[in-house]
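Please read the structure below before turning to the comments.
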Amino acid sequence: MKTVSLKIDDSIFGETEKILAKIKKPRNRYINDAIDYYNRIQKRSILEKRLKKESDLVKANSLEVLKDFEGIDYDV
């Protein structure tokens, strides 16, 4: 486990302390859980941006292929 020193705004610290008193959770565990949650949100955001970029790259080609398929006469 790594030790990290950080500065927290007074208002955020005060709010956190009030919440911790109510939920009976150690501050360290609460901060670890918060960072883990935020990391998951950021990973999802990064993936979403990457998928959008890749989707935009193949969009034009996909539309051309779709038009080609629409032009095929499937009567057998």
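Laboratory data are not the source of any read-out in this text; all were calculated from the coordinates shown. Quick caveat: nothing in here was measured; it's all calculated off a predicted structure. In this analysis, Cβ positions are derived from the backbone assuming ideal geometry, glycine residues included, and neighbour counts consider all displayed protein chains.
Assigning unit charges at the beta carbon (Lys, Arg +1; Asp, Glu -1) and nothing else, what dipole magnitude in debye, to the nearest 20, does the chain show about its Cα centre?
For the chain, the charge dipole is close to 980 debye.
Treat each spin label as a single point 7 Å out from the Cα along the C-beta direction, and report the residue 48 to residue 65 distance in nm.
About 2.6 nm, to one decimal.
Enumerate the lysines that residue 2 could reach by cross-link, defined here as Cα to Cα under 30 Å, with residues fewer than 8 away along the same chain left out.
Reachable lysines: 18, 22, 24, 25, 43.
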